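The next block holds one structure in the form of structure tokens; read it before the comments.
Derivation of every value follows stated rules applied to the coordinates shown; laboratory data play no part. The model shown is predicted, which means the values in this text are computed figures rather than measured ones. With ideal geometry, Cβ positions are generated from the backbone for all residues, glycine too; neighbour counts draw on all protein chains shown.
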Amino acid sequence: MAEDQAAAGGSAASAADGPASESSSHRDVTILFVGDVVGGIGRRTLLECLTVLRERHAPTFVVVNGENAAGGLGITPKIAEEMFANGVDAITLGNHTYHRREIYPYLDSEKPIVRPANFLRNQPGRGVCVVEHGGVHLGVVNLSGNLYVRAGRSAFTEIEVALGELKDVDHILVDVHAEATSEKVAMGWHLDGRVTAVVGTHTHVPTADGRVLPGGTAYITDVGMTGPRGGVIGVKREQAIESLLTQMPVRFETSEDDPWLMGVLIKCSQPMRADSIEQVLMPRPAQDPRGR
């Protein structure tokens, strides 16, 4: 089923009953959001698939969740720079933001990389950034769930502060990095009509509820991960199984088996509204026998 969906370009949910276009002169915008990039295999899959996806969809903006990009935990400045050099416009993070200390000063730079806005104010980084292409401005907001991932402040109060920081933008994308589906679904309804898209990350398994809400906000509970489907949410499956069987500590390593890119394409023809959201489930392009 997934292979058929990838070949067909994914499944789409549209805003057929949504608001009518405010201005036919507004530039059509496509936002490609890519779910949690896991380890080196996820990074290679991202960069190789991006080449194909750009040719196929010509996205205006590319936003990537990179909080698992460095060996499955955290991100480094070098990895972030590699993503930016290959056309990623903005990077969002999550509960592993501070796993690698070398990222701390980088988060306070002017680079378009954001950590959850509802982390403590004295922690490195910021939760909002703005990127621009062809005169179109996209605001990107990162939030963390409070249940299980235990962010320092409420996502539902801090989103108001974050939105208040975004002035004169055409679109807003909110990445809700959360464990509980209830928090993500509730945030989608809370922001419906006020932002272009609310996309969920963190659980690494794509959900089937992508749709445009009545107010024009594109929503999905989890876009999935960009990494090895052959593991257990990115980890070598034999290690994950051993941990669950023995209930003892096991050193986890990133799997290399069956890498896929998982994300969504959000299409817009008017400011702060989505016309459709389409899942992208794409296997890594075929490699030579050495897997390089």
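Counting only DSSP beta bridges with both residues in the chain, the antiparallel share comes to about 55 percent. For LYS184, a cut-off of 15 angstrom between C-alpha atoms picks up these aspartates and glutamates, skipping any fewer than 8 places away in its own chain: GLU158, ASP175, ASP192, ASP209, ASP222.
Taking a ≥ b ≥ c as the square roots of the eigenvalues of the alpha carbon gyration tensor, the stretch 195-292 is oblate, as a/c is not under 1.5 and a/b does not beat b/c. Given the pairs LYS167/LYS267; LYS111/LYS167; LYS78/LYS111, which are separated by over 24 angstrom at their Cα positions? Result: no pair exceeds 24 Å. Contact order for the chain, expressed relative to its length and based on alpha carbon pairs under 8 Å spaced 6+ residues apart, stands at 23 percent. Overall form of the stretch 130-198: prolate. Here a/c, set by the Cα gyration tensor axes a ≥ b ≥ c, is 1.5 or more, and a/b is the larger of a/b and b/c. Distance between the C-alpha centres of the stretch 135-157 and the stretch 212-250: 20 Å, rounded to the whole angstrom.
Hydrodynamic analysis of the chain uses the Kirkwood radius over alpha carbon pairs. Inserted into Stokes-Einstein at 25 °C and 0.890 mPa s, it gives a translational diffusion coefficient of 130 µm²/s.
Around GLY135, with a cut-off of 11 angstrom between Cβ atoms, what is the net charge of the other residues, counting Lys and Arg +1 and Asp and Glu -1? Value of the local net charge: -1.
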